[in-house]
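**Q** If you scroll down you'll find the structure; I have some questions about it.
The values are calculated or read from the model by the stated rules, or taken from the named source; none is laboratory data. Values in this document were obtained by computation on a predicted structure and should not be read as measured data. Here Cβ is always computed from backbone atoms with ideal geometry, including for glycine, and neighbour counts include all displayed protein chains. Each accessible area value is taken on the protein alone, full model and side chains, heavy atoms only, with ligands, DNA and RNA left out. Shrake-Rupley method; radii C 1.70, N 1.55, O 1.52, S 1.80 Å.
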Amino acid sequence: MNSKAIVTLVMVGFILPVLTLPASADITQPTETKIFFEKDGEPYNESVTYTVKCYGYILKVRTQEWKDYLSGNYEKREPGTYNMTEVFSYSATVDNYGDSIYEPFYYNHRVIDHCTLCGKAGGVEFTIENIGEIPNPDCNYLEYKVYRDYHSGEYGPCLMTTEESDACNKEQSRLISEGFESCREYFEEYDENKIYPEGARTFEMNDTTMIRTEEYYACNEEVRSIDLNCSDLLKTVPCEDYCNPEGQPIRKEGSLHYTIPTDEEGNIIEHDTENDKIPENSKNITADNIASSQNLRNDTNDSFFTVFLKFLGMTG
């Protein structure tokens, strides 16, 4: 597998989710989260099955409110001014203290007021109210990047970037970017009295009609052939150590800590079915169970798209 194919694989892996979602939408990322349940101040090392439900409202797309939300310039509606409903939930089971789950926490366009956890441990159902305004942990992107070599089959080997491959790809990207820029010297001012090859395309630049010449296209082809064989510097790693159960390389990791409620004798406080309602104004978030936010938006930027499009020869 050559370096150009690796670069294409990597970049397509990032851009496809962007192209298939609404503009500026949140992008789901394969995530590993370690879950820590504690009871009476000690790690709880038995099985816990639980469900997290979050309440709020869903934004209508392409409204001004939706645009403000995507831009980050948004203030949530006050509780009581809207019909609060369940907008996000997930369920999981952990058998030991610190077990991993692989929920991607994808809830774009949902504005959450609060979340509640309902669990079952030791045969007793319990509830933890107000675990936070969002369900996901404070995640971090992994320092390394792992990709699957799908050119070798659906379950191809996993390849990890190295400092050497990163430096090589950076240099290759620089050469390609500079190469495309240098090809611009073959732009030519359009002459209506000149006969051009069939299919020649004109464009406007600085209020002047220009044409892309055959020399320009030849230059672009030469630039596209630049290959520093950076793939030779990638490291093959066991996929089971770096992928979620679906075989997708993990991009983010985080942790969540929860305290199982107990009475003075250390018994788990059983869930009160009479309180199975959506609280109208729940803002008392406990310090033990708060989860800080990680903005899942803005995972791409203009420079990335520019380099990618130039790489495919889609820009001049």
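**Q** Please indicate, with yes or no, whether at least one residue in the stretch 108-119 is within 13 Å of Tyr258 (Cα to Cα) and open to solvent by 30 Å² or more (accessible area, probe 1.4 Å).
**A** Yes, the stretch 108-119 has at least one match.
**Q** Answer yes or no: is there a residue in the stretch 87-108 that is farther than 22 Å from Ser255 by Cα and in a loop (DSSP other than H, G, I, E, B).
**A** No, the stretch 87-108 contains no residue that is farther than 22 Å from Ser255 by Cα and in a loop (DSSP other than H, G, I, E, B).
**Q** Check whether at least one residue in the stretch 40-51 is surrounded by 13 or more Cβ atoms within 10 Å (Cβ to Cβ), more than 19 Å from Ile27 (Cβ to Cβ) and touching a Leu at 6+ places or on another chain (Cβ under 9 Å), and report yes or no.
**A** yes
**Q** Return the pair list, or none, for Cβ contacts closer than 6 Å from residues in the stretch 248-266 that are within 20 Å of Thr49 (Cα to Cα) and open to solvent by 30 Å² or more (accessible area, probe 1.4 Å) to residues that are assigned to a loop (DSSP other than H, G, I, E, B) and not small (Gly, Ala, Ser), at least 6 apart or on different chains.
**A** Ser255/Pro137; Pro261/Ile269; Thr262/Asp40
**Q** Is there a residue being touching a strand residue (DSSP E or B) at 6+ places or on another chain (Cβ under 9 Å) and β-branched (Val, Ile, Thr) anywhere in the stretch 186-203?
**A** Within the stretch 186-203, one or more residues are touching a strand residue (DSSP E or B) at 6+ places or on another chain (Cβ under 9 Å) and β-branched (Val, Ile, Thr).
**Q** From Glu215, Glu240, Glu222, which residue is surrounded by fewer than 18 Cβ atoms within 10 Å (Cβ to Cβ), outside any loop (DSSP other than H, G, I, E, B) and either at pLDDT 95 or above or of a type in the set (Gly, Ala, Ser) (or both)? Spell out the reasoning first.
**A** Values: Glu215 fails: either at pLDDT 95 or above or of a type in the set (Gly, Ala, Ser) (or both); Glu240 fails: either at pLDDT 95 or above or of a type in the set (Gly, Ala, Ser) (or both).
Going through Glu215, Glu240, Glu222 in turn, the sole match is Glu222.
**Q** Of the residues that sit in the stretch 109-152 and are part of a loop (DSSP other than H, G, I, E, B) and among the acidic types (Asp, Glu), which one is farthest from Glu78 (Cα to Cα)? Show your work before the answer.
**A** Applying the first criterion (part of a loop (DSSP other than H, G, I, E, B)) to the stretch 109-152 yields 109, 122-123, 133-139, 142-145, 149.
This time we only want the ones that are among the acidic types (Asp, Glu), so: 133, 138, 143, 149.
Numbers: Glu133: 13, Asp138: 25, Glu143: 38, Asp149: 48 Å.
It comes out as Asp149.
**Q** Has the stretch 296-306 got any residue that is of a type in the set (Phe, Trp, Tyr), modelled with pLDDT under 90 and under 23 Å from the mean Cα position of the chain (by Cα)?
**A** yes
**Q** Suppose we keep only residues that are in contact with a helix residue (DSSP H, G or I) (Cβ under 6 Å, 6 or more places away or on another chain) and open to solvent by less than 10 Å² (accessible area, probe 1.4 Å) within the stretch 129-158. Which one would you say is nearest to Tyr44 (Cα to Cα)?
**A** Ile131
**Q** Which one of the conditions (1) open to solvent by 50 Å² or more (accessible area, probe 1.4 Å); (2) in contact with a strand residue (DSSP E or B) (Cβ under 9 Å, 6 or more places away or on another chain); (3) assigned to a loop (DSSP other than H, G, I, E, B); (4) not β-branched (Val, Ile, Thr) does Glu78 fail to meet, given that it meets all the rest?
**A** (2)
**Q** Between residues in the stretch 55-82 that are over 17 Å from Glu133 (Cα atoms) and touching a residue at least 60 places away in the same chain (Cβ under 8 Å) and residues that are surrounded by 13 or more Cβ atoms within 10 Å (Cβ to Cβ) and among the hydroxyl-bearing types (Ser, Thr, Tyr), which pairs lie under 8 Å by C-beta distance while being six or more apart or on different chains?
**A** Listed by first residue and then by second, the contacts come to Leu70/Ser24.
**Q** A further question follows. Restricting to the stretch 83-115, give me the number of residues that are under 21 Å from the mean Cα position of the chain (by Cα), under 22 Å from Glu65 (Cβ atoms) and free of Cβ contacts under 8 Å to residues at least 40 places away in the same chain.
**A** Counting residues in the stretch 83-115 that are under 21 Å from the mean Cα position of the chain (by Cα), under 22 Å from Glu65 (Cβ atoms) and free of Cβ contacts under 8 Å to residues at least 40 places away in the same chain gives 1.
**Q** Does the stretch 177-201 hold any residues that are assigned to a strand (DSSP E or B), surrounded by 13 or more Cβ atoms within 10 Å (Cβ to Cβ) and out of contact with any Lys or Arg (no Cβ under 7 Å at 6 or more places or on another chain), and which are they?
**A** Just the residues of the stretch 177-201 that are assigned to a strand (DSSP E or B), to begin with: 187-189.
Checking the rest, the ones that are also surrounded by 13 or more Cβ atoms within 10 Å (Cβ to Cβ) come to 187-188.
Within the stretch 177-201, just Glu188 meets the criteria.
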